[in-house]
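**Q** Next up is a structure, given as structure tokens.
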Amino acid sequence: MDRLPIEILQQICLNLEGPAYCPPKDLSSFSQINHLCNQAAVPILYRNITLIFNTFQDLEAALSKVTEAPRATNFAKFARRLSLVCIKLSSESEFGQARPWTLEPWALNMVTDPNPATRKGFLEHYMTSCYSTTGGDLLSNAHRSIGITPNWAPVVSLIASLNHLDQFDFITNDDFTANLTEAFWRYHPDCRLNILGNQKVGPSPLYPDTTSVSRDSSEFKMDTLQLPGLHTLTTAISIYYRRSAEHQQLWEMMPFLFTSPGLKHLCLKPTDGVHEAGVDLLKATWQSLIDKAKPKAISQLESVTIPSNRPEGIMLSKLAAAGDLSQLRSLDIGCVCEPGKLVNVANLLPNLKRLFLDLDRRNQRPATIETDIEESMAGILAFRPLEYLYLRGLRDVEALDRIIQRHGPSLKGLALVPNKVHQYPRLNSSKLLEMMNLCPNMEELRLQMKRSAGNQAECEMYKALGTFPNLQRLFLDLDFDARPKVPRMGSSPETDNLDLRRTFINAAMDESLALQIWTKIKDKSPSLKDLRIFPYGNVCFAQEERYLLDCFARSYRLTGHNLENPGVPVMEQIGKRAWEIKRARQNNWDESPRDEEIRLSSRVVSVLQSIWPQVLEQTFRSEWCDCWTSLPLQPDTQSW
């Protein structure tokens, strides 16, 4: 058995393993049929425990399934990873489903793998993410709190019973309490701890009053920072506001974060303070702790995440003053609100390899856009050559040219993500060939392309993408909007018939067209293994137009790992289940028209029949979601 190929063992588990929310099946009958295979499968099937809950009663029920015989014995022997996941669980009867959709693997992925800077890969997470045709997330799923002071005693008992726990994921906004810390010190001091829920560190920094400064009943204990296995920490930085004065920021806690010997990933989530009293007292208390404890900075952080619209420049400068950021490899700034300070940030991080930036500032004044863009560009160019760069909201080709000139030779991964109004660098085949020459090491790429009914120019862009010599993973955002100008946000006028016809043609994506696009790229790029095709652009269309575009714009993932038919890629429609849930929700909302209530106007039906004349008008009116096929690529056609 020891010499069985790993592929065979994995195939055994694929046939036996259930979803994360279900404990492994009883394998007693299987063991009688094939004892050797059972021996190989059990350690793999029982290596992970995932406890998913919404209430304490849910948690107790999940624990009972793990601690009952004979599973308890197998988990005790073989479990290597334990995850606590607190999410909203919709009722089982919602939309006629047998289980809450939040438990499905694609939905859980939103919760268990939230921070790009902490992921091992670059684009892999996004290849299966569910997006709407407007470009945002199709559905949201986030970890939450039970809502009461949690009783982790049953979890502590489970931790004590496991013989070889290597990793613990705390994915809940509840407190990581003292009894959990004590359990890991006692039973698994070297276990890797990933704390993804926002934690309060120290003497009540979120409760600025005299009585709560000394309160420690439910706080994140300072000795948790000393656990050798603490690997990932999400913590709150409080910001307090006073009337008639600038806000004060509580940074005194930062030196203590660097006292954690094994901490590698730090996520800072600022929290607005609601109290006006006690700020000076808090600062004095923290300073007293510093003077008394003299915290010694020993952490060697690998990543820092600042996910919200906050002053990232001062945050990072304070972090650099408190500890050593010289070994930082990944930085994720959820929204750049201090573009002028990016240059200073670059100087603080000499060994940065991966940079994630959202350049699309919230509530940005039009008069400052050009200045902010130029300052952001100066900051990006100030970083030493990067290996991976993720940019949301980059607007023009000239800016991309400057970035490629600076970072192109070292880049292994580049992701360009359009902003909410679909502004992005407009590329053509010539520009893609220039990029290929300047980025010889590119392995992962995400960018936007303007569809043009599969004509020659569009096909040339697909072929140009195939010239990247080392490209393995490609995410294509295909902009299907054929209107010469997008209406202002908030409006939804009827689209000109010719523009609407072109938009429908561009949006309609089926398996046949997806395979054609794969072939165009793959013929020139034998290294390509993974392609995501995502049609988008559904902004400011009239209601019936918007509904049709949602039906037409199907997203596909194609991978080259096809054991049954090596010459043909494996193809999967991404987001189909999420769309079913989304539409079911809309059909249950009083303010949203049901699918059967959507009435296609004669104008729209006429446009549809000009594209698909073989489809009867009545069919369009009754089965408009499924009665069409995509138009094929037309490489010999130069115009519409």
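Bear in mind these aren't lab numbers, they're just calculated from the coordinates by the rules spelled out. Predicted model only: the values in this text are computed from it and were never measured. When we count neighbours, we look across all protein chains shown, and the Cβ atoms used for this are built from the backbone with ideal geometry, even at glycine.
**Q** Neighbour counts of other C-beta atoms within 10 Å: give me ASP401, ASP223 arranged from fewest to most. Write out the running numbers ahead of the final one.
**A** Numbers: ASP401 16, ASP223 11.
Going from sparsest to densest Cβ surroundings: ASP223, ASP401.
**Q** How do the peptides 538-546, 501-509, 78-86 rank, highest first, by the average count of neighbouring beta carbon atoms within 10 Å per residue? Mind dumping the intermediate values first?
**A** Working: 538-546: 18.7, 501-509: 23.0, 78-86: 21.1.
My ranking of the peptides, most packed first, is 501-509, 78-86, 538-546.
**Q** Ordered by residue, what ³J(HN,Hα) values in Hz, to whole numbers, does the stretch 413-422 give under the Karplus form 6.51 cos²θ - 1.76 cosθ + 1.60, where θ = phi - 60° and Gly and Pro are x?
**A** x, 9, 10, 10, 10, x, 7, 5, 9, 6
**Q** While we're looking at this one, here's another question. What distance in nm lies between label points placed 7 Å from Cα along the C-beta direction at SER606 and ASP496?
**A** Placing both labels 7 Å along Cα→Cβ, they lie 1.6 nm apart.
**Q** In nm, to one decimal, how far is the modelled label at MET571 from the one at SER430, with both set 7 Å along Cα→Cβ?
**A** 3.4 nm
**Q** Rank the residues VAL605, VAL397, VAL111, VAL304 as a footprinting-exposure proxy: fewest other Cβ atoms within 10 Å of their Cβ go first.
**A** Working: VAL605 17, VAL397 14, VAL111 20, VAL304 23.
If I rank by nearby Cβ atoms, fewest first, I get VAL397, VAL605, VAL111, VAL304.
**Q** Give LYS520/LYS582; LYS120/LYS529; LYS341/LYS420; LYS88/LYS412 a once-over and call out the pairs whose C-alpha atoms are over 26 Å from each other. Walk me through the numbers before you get to the answer.
**A** Values: LYS520/LYS582 33 Å; LYS120/LYS529 18 Å; LYS341/LYS420 24 Å; LYS88/LYS412 37 Å.
The pairs that break the limit, which is 26 Å between Cα atoms, are LYS520/LYS582; LYS88/LYS412.
**Q** In what sequence do HIS561, HIS125 fall when counting other Cβ within 10 Å, fewest first?
**A** Numbers: HIS561 9, HIS125 15.
Ascending Cβ contact count within 10 Å gives the list HIS561, HIS125.
**Q** Taking a virtual spin label 7 Å from the Cα of ARG80 along the C-beta vector, which residues in the stretch 39-54 bring their backbone nitrogen under 17 Å of it?
**A** 39-50
**Q** A further question follows. Taking amide H positions as placed in the peptide plane 1.01 Å from N, state which residues far from PHE475 in sequence (5 or more) or on other chains have amide H under 5 Å from it.
**A** For PHE475, whose amide H was placed from the backbone, the distant partners under 5 Å are LEU445, ARG446, LEU447, ARG532.
**Q** What distance in nm separates the two pseudo spin-label positions at ASN437 and ALA69, each 7 Å out from Cα along the beta-carbon direction?
**A** 7.4 nm
**Q** Express in nm, to one decimal, how much length is gained between ASP166 and LYS296 on full extension, taking 0.36 nm for each residue of separation and deducting their alpha carbon distance. Spell out each step's value before the answer.
**A** On the way: separation 130, 0.36 × 130 = 46.80 nm, distance 2.69 nm.
My answer for the length gained is 44.1 nm.
**Q** Compute the distance from the alpha-carbon center of the stretch 488-565 to that of the stretch 602-621, in whole Å.
**A** 20 Å
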